[in-house]
Amino acid sequence: MRALAILALLLAPALAAEGAAAAAAVSERFEVFHNQNHPAEYVQRGELQVLDDGTARYLPVGLQEPPRLPDADALPRDPASYAVVLRSLKSGAQHVLPVRRCRLGGDAAALEETFVVHETEAGAVFHIDYDAGDRANCLQPSPAATPGPAARTKVLLRRRAEGPAPLLAEAPKIDAATGKEQQPEPPRSFLAKYWIYIVPVIILLLFTGEEPQQEREGNTRR
């Protein structure tokens, strides 16, 4: 009985995590195809699922005769490239993710691939990055091996966040003669700014102030 209790304590975190993943709803699904055996033939090898709890996961197909991607004529056919195609089951959009085939050489048990799913703030997928194998394998003199399913598949989810506001509200002005940034003009005084409005008013007051004086002198003479 004590052994069963210890085993239950050890398995509790794994069972809780599995239950939480199962409870999360799938917001978007992508069929994952790749040209494993032939550059022009894309075979489904799994499914990538984006969950509404802010995580994502990859599930292999596990079929002896997996489906093939139709209308693959426009996809990469370079024998030196290994390409993965993700087709959205929601919108039908395709993400073509090629890497150099020589990167997948070496130890097949150590082959690792990574999907990075980028989402908007509203949770819509707008871009997917892909990386697989090791760049150092391309420097080996041995020929590139035909890649098999990756031993480990990682899926990362990145949600786009609003960045900080720029310090400069507008681009600096450059002096065409010197090629340097134009310095802002020094602040002007009140008279320097509005003299064009003040001078006419003063002139008007001077002329209108002489008329009453001339009238008073005329009345005195009479």
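Of note:
- Straight-line cross-link reach from residue 154 at under 23 Å between alpha-carbon atoms covers these lysines, not counting any fewer than eight positions away in the same chain: 90.
- Whole-Hz ³J(HN,Hα) from phi, Karplus 6.51 cos²θ - 1.76 cosθ + 1.60, for region 73-85, glycine and proline x: 5, 8, 8, x, 10, 5, x, 7, 10, 10, 10, 10, 10
- 15 Å beta-carbon shell around residue 162, net charge (K/R +1, D/E -1): +1
- For residue 42, distant residues with modelled amide H under 5 Å away: 69
- Couplings 3J(HN,Hα) of region 87-101, computed from phi: 10, 6, 7, 8, 10, x, 5, 10, 10, 9, 10, x, 9, 5, 5 Hz, in residue order, whole Hz [Karplus 6.51 cos²θ - 1.76 cosθ + 1.60, θ = phi - 60°; x for Gly and Pro].
- FRET efficiency estimate (nearest 0.05) - Cβ-Cβ, residue 162 to residue 110, R0 41 angstrom: 0.60
- Antiparallel content of DSSP bridges confined to region 23-159, in %, to 5: 80
- Hypothetical label at residue 129: residues of region 69-86 whose amide nitrogen lies under 20 Å (7 Å Cα-Cβ projection): 82-86
- Cβ-defined net charge surrounding residue 80, 12 Å radius [Lys, Arg +1; Asp, Glu -1]: +3
- For region 23-159: rounded, prolate or oblate by the Cα gyration tensor [a/c cutoff 1.5]: prolate
- Hz values of 3J(HN,Hα) by residue in region 51-67 - Karplus curve (6.51, -1.76, 1.60), Gly and Pro given as x: 9, 7, 9, x, 10, 8, 8, 10, 10, x, 6, x, 10, 5, 10, x, x
- Cβ crowding within 10 Å, taken as a proxy for footprinting-reagent exposure, orders 118, 38 from fewest neighbours to most as 38, 118.
- With neighbours defined as other Cβ atoms within 10 Å of a residue's Cβ, the residues 88, 189, 81 order from fewest to most as 189, 81, 88.
- Each label was represented as a point 7 Å from its Cα along the Cα-to-Cβ direction; for residue 198 and residue 73 these points are 8.1 nm apart.
- The residues 86, 59, when put in order of fewest to most other Cβ atoms within 10 Å, stand as 59, 86.
- Other residues whose C-beta falls under 11 angstrom from the C-beta of residue 110 contribute a net charge of -2, scoring Lys and Arg +1 and Asp and Glu -1.
- Dipole in debye (nearest 20) - region 23-159, about Cα centre, beta carbon charges: Lys, Arg +1; Asp, Glu -1: 200
Every number here is computed from the coordinates shown, using simple stated rules; none is lab data. Values in this document were obtained by computation on a predicted structure and should not be read as measured data. Using ideal geometry, Cβ is built from the backbone for each residue, glycine included, and neighbour counts are taken over all protein chains shown.
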